[in-house]
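Visitor: This is the structure I have questions about; it appears just below.
The values are calculated or read from the model by the stated rules, or taken from the named source; none is laboratory data. These numbers were taken from a predicted model, which means no experiment stands behind them. Here the Cβ positions follow ideal geometry from the backbone for every residue, glycine too, while neighbour counts run over all protein chains shown.
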Amino acid sequence: MMNRYYYDLHIHSCLSPCGDNDNTPNNIAGMASLCGLNIVALTDHNTTDNCPAFFEAAKRYGIIPVAGMELTTSEDIHIVCLFETLEGAMAFGKKVKSLSIPIKNRVDIFGSQLILDGQDNIIGEEENLLINATLISANEVPDLVNEFGGICYPAHIDRQSNGIISVLGTFPTTPHFNCVELHDGSKTEEYVQKYGLQDKKIIVSSDAHNLTDMRDKENYFDLDDEPYSSNFVRSQLFKLLR
């Protein structure tokens, strides 16, 4: 049976630079519930370290969690990377860390980068800045993400900052992406026509760095969910996006 699932696949926690400290895994899950969302992805900059806590929090609020990351490529392009399993996401996070340039975080500029447990207790703090470019090029991302059972697509292509179109001047034919993300869904037709995106699935997400940035339910997928389990619904989501 097909049912409607409202989503937001691009949300940052207090681990991301400039992410509000109130954006804890539990607060994100709670706000998602208040917003009427069903599927939510945690996509911190260049790390997956708060995904385990988010999975624990999401279960308490009845949210289907997706572990992800907003990767910054060597060209300064932001790409959303989502993983079907938490284990795949954490392994990918370790790989990205090995391909990152260690630059100390300036807490006075970017704020603290807090790692939390499932009860929102601080268990660590990332000392290196997470928002800077990695050594991974945009061309390398799809194959690398696929190795860990994930999918990826360019983030907020309608924004001037770190969008693939603003950086490259156009939407590239390679590498191939099945999906693209818009921040403003009202621009969908404009971008589809202007950049030849008719073959792409359009995803609209908030890129929330604060709880007040999270949006009420609007964007959705119709997914088969029988026999129901969060793992099955998540697998159906990835089948659709692939």
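Visitor: When the range 225-242 is examined, which residues are found to be closer than 16 Å to residue 63 by Cβ, touching a residue at least 40 places away in the same chain (Cβ under 8 Å) and among the polar types (S, T, N, Q)?
Guide: Answer for the range 225-242, where residues must be closer than 16 Å to residue 63 by Cβ, touching a residue at least 40 places away in the same chain (Cβ under 8 Å) and among the polar types (S, T, N, Q): just 230.
Visitor: Continuing with this model, one more query. Looking at 199, 184, which is the one that is of a type in the set (D, E, K, R) and in contact (Cβ under 8 Å) with a residue 24 or more places away in the chain? Give the steps one after another, and end with the answer.
Guide: Numbers: 199 fails: in contact (Cβ under 8 Å) with a residue 24 or more places away in the chain.
Answer to the selection: 184.
Visitor: Let me ask you something else. Looking at the range 55-65, can you tell me whether even one residue there is in a strand (DSSP E or B), closer than 22 Å to residue 94 by Cβ and either of a type in the set (Asp, Glu) or within 12 Å of the chain's Cα centre (by Cα) (or both)?
Guide: Yes, there is a match, as at least one residue in the range 55-65 is in a strand (DSSP E or B), closer than 22 Å to residue 94 by Cβ and either of a type in the set (Asp, Glu) or within 12 Å of the chain's Cα centre (by Cα) (or both).
Visitor: Within the range 202-224, how many residues are touching a helix residue (DSSP H, G or I) at 6+ places or on another chain (Cβ under 7 Å) and touching a residue at least 60 places away in the same chain (Cβ under 8 Å)?
Guide: 7
Visitor: Does residue 110 satisfy being at pLDDT below 95 and surrounded by 14 or more Cβ atoms within 10 Å (Cβ to Cβ)? Full working, then the answer.
Guide: On the way: at pLDDT below 95: yes; surrounded by 14 or more Cβ atoms within 10 Å (Cβ to Cβ): yes.
Yes, satisfied.
Visitor: Can you give me the number of residues within the range 187-240 that are assigned to a loop (DSSP other than H, G, I, E, B), touching a Cys at 6+ places or on another chain (Cβ under 8 Å) and under 30 Å from residue 21 (Cβ atoms)?
Guide: The total comes to 5.
Visitor: Still on this structure, I have one more. Considering only residues of the range 178-229 that are farther than 26 Å from residue 28 by Cα and aliphatic (A, V, I, L, M), which is surrounded by the most Cβ atoms within 10 Å (Cβ to Cβ)?
Guide: Of everything passing the filter in the range 178-229, 197 is surrounded by the most Cβ atoms within 10 Å (Cβ to Cβ).
Visitor: Restricting the search to the range 52-76, which residues are under 27 Å from residue 101 (Cβ atoms) and without any contact (Cβ under 8 Å) to a residue 40 or more places away in the chain?
Guide: 67, 69
Visitor: Can I ask one more? Would you pick out the residues in the range 20-37 that are touching a strand residue (DSSP E or B) at 6+ places or on another chain (Cβ under 8 Å), over 21 Å from residue 107 (Cβ atoms) and assigned to a helix (DSSP H, G or I)?
Guide: Correct list: 28, 29, 32.
Visitor: Among the residues that make up the range 16-38, is at least one of them in contact with a Pro (Cβ under 9 Å, 6 or more places away or on another chain), touching a residue at least 60 places away in the same chain (Cβ under 8 Å) and surrounded by fewer than 24 Cβ atoms within 10 Å (Cβ to Cβ)?
Guide: No, every residue in the range 16-38 fails to be in contact with a Pro (Cβ under 9 Å, 6 or more places away or on another chain), touching a residue at least 60 places away in the same chain (Cβ under 8 Å) and surrounded by fewer than 24 Cβ atoms within 10 Å (Cβ to Cβ).
Visitor: Could you please let me know if residue 117 is surrounded by fewer than 14 Cβ atoms within 10 Å (Cβ to Cβ) and modelled with pLDDT of 95 or more?
Guide: Values: surrounded by fewer than 14 Cβ atoms within 10 Å (Cβ to Cβ): no; modelled with pLDDT of 95 or more: yes.
No; evaluated as a whole, the condition is false for this residue.
Visitor: Can you find even one residue in the range 205-219 that is modelled with pLDDT under 95 and more than 30 Å from residue 110 (Cα to Cα)?
Guide: Checking the range 205-219: not a single residue is modelled with pLDDT under 95 and more than 30 Å from residue 110 (Cα to Cα).
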